[in-house]
C-alpha cells in the first residue's frame with residue numbers, strides 16, 4: 001500500500017494554467033501585430049501545456065476507471081475543436097466576399113486543408129504563406145495528428161503494466177530521436193519553424209513533464225533524503241519557497257528570450273518549451289508565488305478561456321484591419337485587432353463553443369456535481 005502522501009497527484013482545475021494559456025495567446029497576437037518580435041514562441045508554450053494537460057487527464061481517467069475511453073476522448077476533441085474552426089471558415093468566407101479576396105491558395109483549398117488537419121505538412125514544405133489567414137491551423141493540425149497516436153500508445157503501455165518511470169524513459173528516448181531528426185539552422189525557414197519532428201518533441205516534452213510531476217519522479221528517493229542534513233531535507237524535497245524562486249528565475253529567462261532578436265529560431269523554440277515546462281511544474285507547486293499570482297489575474301484567465309478562438313481568428317482580423325488601415329500606426333492597428341478578435345472569440349465561446357462542448361446549463365451543472373462528488377471521495381490505495 002502506498003502512503004496517502006505518495007499517491008499520484010491530481011491536476012483538477014488550476015487557474016494558473018488558464019493564465020499561462022492566456023499569456024501564450026497574448027504573445028502570439030503581439031507578434032502578428034508587429035508589436036513583439038519573438039512572440040511566436042507562444043506556440044511553444046501551447047504545445048508544452050497541451051502535452052501536459054492531455055497526459056494528466058488521460059492518467060487520471062485510467063486511475064479512476066481503469067480504462068481510457070478513446071471514443072470519448074476523440075468525441076470531446078471534436079466538440080472542442082470543430083465549432084471554432086467552423087466559425088473561422090464562415091468569417092473567412094465573409095471577409096473573402098465582402099472585404100477583399102484573401103491572399104494565398106483558393107479559399108476552398110485552404111478551408112479543406114484546415115478541416116482535414118494537414119496544414120502543418122503543407123507549411124513545413126514551404127506553403128505556409130499560401131494558407132493565408134488559415135495559417136494558424138498548422139499548429140492545430142500538429143496537435144491533432146499527435147493525439148491520434150499518443151492516447152492509444154499510452155493506453156497500450158498502461159495495459160501492459162508499464163510503470164511511470166518506464167513511460168518517462170520511453171518518452172525521453174522518443175524526444176531525443178525526434179530532435180535528431182528535426183532540421184536545424186539559424187533562420188526562420190518553413191522547414192525549421194513548422195518541423196513536425198521538432199513540434200512533436202515539444203508535445204512529448206509536455207507529456208514527460210506530466211508523468212514526472214504526477215508521480216514525483218524528479219524528487220530524490222527517501223533513502224537519499226535521509227542522508228542529508230536536516231536543514232537541507234525540506235529544500236531537497238521541493239520546498240514552496242524554492243519553487244517560487246525558481247519560477248521567478250524562469251519568468252526572467254522567458255522575458256530575456258522574448259527580447260533577444262539574435263536568438264536562433266530552433267534555440268528559441270526549444271528554450272521556450274523548456275521554460276514553459278519548468279513554469280508549469282513550479283507554479284503548480286507554488287500557487288502563492290508572484291508569477292503564479294500574476295498569471296492567475298482575471299484578464300489573463302479570461303484570455304486563456306477564449307484562447308482557441310482568439311488563436312484561430314486573430315490573423316484573419318489582423319489582415320482585414322491592415323487592408324483598410326495600411327498606413328495606420330502599428331499600435332492603433334494592434335489595438336483594433338485585439339478589440340475585434342477578443343469580441344469575436346468571446347461571442348464564439350459563449351454562443352457556440354461552450355454550448356457544443358458542455359451542452360445546456362443543466363448538463364454543465366450535473367457534470368460539476370459529479371466532479372465535486374469525485375473530489376470528496378477518498379483516494380484509492382494502490
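Being within 18 Å of residue 77 (Cα to Cα) and without any contact (Cβ under 8 Å) to a residue 24 or more places away in the chain is a property that does not hold for residue 154. Do the conditions hold for residue 30, that is, is it under 13 Å from the mean Cα position of the chain (by Cα), surrounded by fewer than 23 Cβ atoms within 10 Å (Cβ to Cβ) and modelled with pLDDT of 90 or more? Spelling it out, it is not the case that residue 30 is under 13 Å from the mean Cα position of the chain (by Cα), surrounded by fewer than 23 Cβ atoms within 10 Å (Cβ to Cβ) and modelled with pLDDT of 90 or more. Of all the numbered requirements in (1) surrounded by fewer than 19 Cβ atoms within 10 Å (Cβ to Cβ); (2) closer than 24 Å to residue 86 by Cα; (3) under 20 Å from the mean Cα position of the chain (by Cα), residue 139 misses one, and that requirement is (1). Scanning segment 277-336 for residues that are free of Cβ contacts under 8 Å to residues at least 60 places away in the same chain, buried (at least 18 other Cβ atoms within 10 Å of the Cβ) and assigned to a helix (DSSP H, G or I) gives 278, 282, 285, 291, 317, 321, 336. Residues in segment 174-190 that are surrounded by 15 or more Cβ atoms within 10 Å (Cβ to Cβ), at pLDDT 70 or above and either touching a strand residue (DSSP E or B) at 6+ places or on another chain (Cβ under 6 Å) or part of a helix (DSSP H, G or I) (or both): 174, 175, 178, 179. Scanning segment 335-382 for residues that are modelled with pLDDT of 95 or more and over 19 Å from residue 90 (Cα atoms) gives 335, 336, 338, 339. On the basis of being in contact (Cβ under 8 Å) with a residue 40 or more places away in the chain and either surrounded by 18 or more Cβ atoms within 10 Å (Cβ to Cβ) or out of contact with any strand residue (DSSP E or B) (no Cβ under 8 Å at 6 or more places or on another chain) (or both), does residue 122 make the cut? When the stated conditions are applied, residue 122 does not pass them. Restricting 113, 95, 78 to those that are assigned to a helix (DSSP H, G or I), surrounded by fewer than 16 Cβ atoms within 10 Å (Cβ to Cβ) and out of contact with any strand residue (DSSP E or B) (no Cβ under 6 Å at 6 or more places or on another chain) reduces the list to 78.
Taking the residues in segment 59-73 that are closer than 27 Å to residue 117 by Cα and without any contact (Cβ under 8 Å) to a residue 24 or more places away in the chain as candidates, determine which candidate is surrounded by the most Cβ atoms within 10 Å (Cβ to Cβ). Break it down into steps so the answer makes sense when it comes.
Just the residues of segment 59-73 that are closer than 27 Å to residue 117 by Cα, to begin with: 59, 61, 68-73.
Now drop any that are not without any contact (Cβ under 8 Å) to a residue 24 or more places away in the chain, which leaves 61, 69, 71-72.
Working: 61: 17, 69: 13, 71: 7, 72: 11.
Filtering first and then ranking leaves 61.
Conditions tested, residue by residue: (1) out of contact with any helix residue (DSSP H, G or I) (no Cβ under 8 Å at 6 or more places or on another chain); (2) closer than 28 Å to residue 240 by Cβ.
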residue: 274; (1), (2): no, yes
residue: 295; (1), (2): no, yes
residue: 298; (1), (2): yes, yes
residue: 308; (1), (2): no, no
residue: 313; (1), (2): no, no
residue: 317; (1), (2): no, no
residue: 323; (1), (2): no, no
residue: 326; (1), (2): yes, no
residue: 331; (1), (2): yes, no
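The values are calculated or read from the model by the stated rules, or taken from the named source; none is laboratory data. Bear in mind that the values here come from a model prediction, so they are computed numbers and not experimental data. Heads up, the Cβs are rebuilt from the backbone with ideal geometry, glycines too, and the neighbour counts pull from every protein chain shown.
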